[in-house]
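Chemist: What follows is a structure written as structure tokens; I'll ask about it next.
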Amino acid sequence: MPLAAAPRFLAAALLAIALSACSARYQTPVAVGGDDDDAVCQSRGYAQGSPEYVACRKDRDVQRNAATARADRRQRDLGEYMLNHPDRP
């Protein structure tokens, strides 16, 4: 590697490391929202411990898990596409 390209390579590597620190794998998907489940269900008028409250919490868990599964599936599909089509960017 030429000596003149070393600072550019170092700057690019540091930038990549800094940007990678901003991402986390298991964050709550944006479609579900990061709202507090307890606050959301109580704001709908369900008393804590009531059957409606429990159903609300379960529904939110199901929605969150489905959104995470969709995100994982999209990531896996993208990886498979990239492996099967190395000639396309």
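Chemist: What ³J(HN,Hα) values, in whole Hz, does the Karplus curve 6.51 cos²θ - 1.76 cosθ + 1.60 give for region 54-60 when θ = phi - 60°, with x put for Gly and Pro?
Modeler: 4, 5, 4, 5, 5, 4, 5
Chemist: Next up: Sorted by mean Cβ packing within 10 Å, highest first, what order do the peptides 53-65, 74-86 take?
Modeler: On the way: 53-65: 14.1, 74-86: 9.5.
The most tightly packed comes first, giving 53-65, 74-86.
Chemist: Which length gain, in nm to one decimal place, applies between ALA67 and ALA6 when the Cα-Cα distance is subtracted from 0.36 nm times their residue separation? Please list the in-between numbers first.
Modeler: Working: separation 61, 0.36 × 61 = 21.96 nm, distance 4.24 nm.
Fully extending the segment from ALA67 to ALA6 adds 17.7 nm.
Throughout, read-outs are computed from the coordinates displayed, never taken from laboratory work. All of these numbers come straight from a predicted model, not from anything done at the bench. Glycine also receives a Cβ, built like all others from the backbone with ideal geometry; neighbour counts cover every protein chain displayed.
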